[in-house]
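A short write-up of the structure that comes next.
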Amino acid sequence: MILGVIADDFTGATDVASMLVRAGMRTVLVMGVPTGPLPDAEAIVVALKSRTAPVDEAVADSVAALHCLQAAGARQFYFKYCSTFDSTPDGNIGPVAEALLNALGSEFTVACPALPENGRTVYRGHLFVGDQLLSDSGMRHHPLTPMTDANLVRVLQAQCHGKVGLAGHEAVSEGVQALQERFQALQEEDVRFAIVDAVDTAALHTLALSCADLPLVTAGSGLALGLPAVYQAKGWLQPDRHAARLTLAGGPAAVLSGSCSQATQAQVADWLLAGRPGFQVDVRALAAGEPHAQHILQWVDSQGEAAVLVYATAHPAEVQSIQAELGVQRAGQLVEECLSQVALGLMDRGVRRLVVAGGETSGAVVQALGVQTLRIGPTIDPGVPWTQAEGRELLLALKSGNFGGTGFFAKALALTE
Ligand code: ADP
């Protein structure tokens, strides 16, 4: 066990885990603060739901996760947040980072959400999404975590007691020694958190090497790509080209979708257009108390061996009309319960490969299936790996709404055939 990661949401956890696996570390993901012994792995990612939780709860869960990872023998810790630095106006990133630093008895850490391969870069402490400042991007309208300031020094400072400073592009581009000297200079000015510029992937590799001796790093998923090389240089790790290999393949398959995001809409349309079997959940039938999940499973039985898609995915106008009738919460809950029952029925029918679209939907399905630990396998599309439920003959691909290309469902299934 080398690295312990604490991720502030579920799909962010799969994202960082797939980066580590890509760079050769055997990685498992644990849902929520671990309660039992942790499985054998070189990196363990704890998936929390702390991004939008009340600050006290976010801090308590993160510190509890830290203690579990310490007990499991982790030698470095990584607080993972979103590459758009998603935080509420109260802001959980600062308080969590500060609590983790304190718990580790450490004075200094870095903060860098950059993920250049997805267009997230940091320059002069300002976060860009493609060619736009964060505050000009769609993130300014996010329903839960609107980001209206791209200056990360200012954003993080507003969330922290400790001082926030900047390790700028000059130091990063000069290399590891210059960046470490910059860290030293900042610490002499009592800075506890250095926002670090990173305009390309090379910068993240420099940053990873420069953080080799820090107990805690805080970052988006990008920094994870550089860490395995650091551990190799320390003699802790022999990167494994086959770290992503899962032990089983094939078996009956199905797709469940409770996501109404644009990318998922296209993926559902693509599946149906190819003539593959699909069944749309009738939310009004659920609201009327009909045994709709049973009807869906009868339909599944009528499809023979073919991989089926069960989807609640609908166009925005349809979703709005249902939500107006039933309320946003109730509509969502009915769909999540239905898809969870269908998932259990699919398990009884021998399904061993399941693709789930939707962050909340994935959470509900995984919980219904009683899955707590996932071993991370090969990446299907950026940020979405196949995973295996630890100790079970079950492969899961859990896709957040806007991830994946148009042919994602068929591509995912083809990868495991
Ligand atoms: P995403 O990752 O795309 O945001 P989520 O699963 O996180 O997807 O969220 C989608 C939410 O919308 C879920 O709570 C789901 O139950 C709900 N939902 C899905 N389909 C419908 C629908 N047709 N009408 C109302 N709510 C829906």
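The values are calculated or read from the model by the stated rules, or taken from the named source; none is laboratory data. All figures in this text were calculated on a predicted structure; none of them were measured in a lab. Cβ: placed from backbone, ideal geometry, glycine included. Neighbour counts: every protein chain shown. SASA here: full protein model, heavy atoms, side chains in, ligands and nucleic acids out. Shrake-Rupley method; radii C 1.70, N 1.55, O 1.52, S 1.80 Å.
The conditions of being within 14 Å of the ligand (Cβ to nearest atom) and in a loop (DSSP other than H, G, I, E, B) are not met by Ala306.
Return yes when Ala285 is open to solvent by less than 20 Å² (accessible area, probe 1.4 Å) and either within 9 Å of the ligand (Cβ to nearest atom) or basic (Lys, Arg) (or both) and no when it is not. The answer is no for Ala285. Residue selection: His205 satisfies the criterion of being open to solvent by 10 Å² or more (accessible area, probe 1.4 Å) and either of a type in the set (Ser, Thr, Tyr) or part of a helix (DSSP H, G or I) (or both).
The residues of the stretch 104-121 that are out of contact with any Pro (no Cβ under 7 Å at 6 or more places or on another chain) and surrounded by 18 or more Cβ atoms within 10 Å (Cβ to Cβ), listed by number, are Phe108, Thr109, Val110, Ala111, Cys112, Pro113, Ala114, Leu115, Pro116, Thr121. Within the stretch 320-349, the set of residues being away from the ligand (no atom under 15 Å from the Cβ) and open to solvent by less than 20 Å² (accessible area, probe 1.4 Å) comprises Gly345, Leu346. Selection of first residues in the stretch 396-408 that are farther than 16 Å from Tyr311 by Cα and more than 10 Å from the ligand (Cβ to nearest atom) and of second residues that are open to solvent by 20 Å² or more (accessible area, probe 1.4 Å) and part of a loop (DSSP other than H, G, I, E, B), restricted to Cβ pairs under 7 Å at least 6 apart or on distinct chains, gives an empty result.
Scanning the stretch 320-370 for residues that are among the β-branched types (Val, Ile, Thr) and out of contact with any Asp or Glu (no Cβ under 9 Å at 6 or more places or on another chain) gives Ile322, Val328, Val335, Val342, Val351, Val355, Val356, Val366. Determine whether Ala414 is more than 11 Å from the ligand (Cβ to nearest atom), surrounded by fewer than 17 Cβ atoms within 10 Å (Cβ to Cβ) and not basic (Lys, Arg). Spelling it out, Ala414 is indeed more than 11 Å from the ligand (Cβ to nearest atom), surrounded by fewer than 17 Cβ atoms within 10 Å (Cβ to Cβ) and not basic (Lys, Arg).
The lone criterion from (1) under 23 Å from Phe403 (Cβ atoms); (2) out of contact with any Gly (no Cβ under 7 Å at 6 or more places or on another chain); (3) in a helix (DSSP H, G or I) left unmet by Thr264 is number (2).
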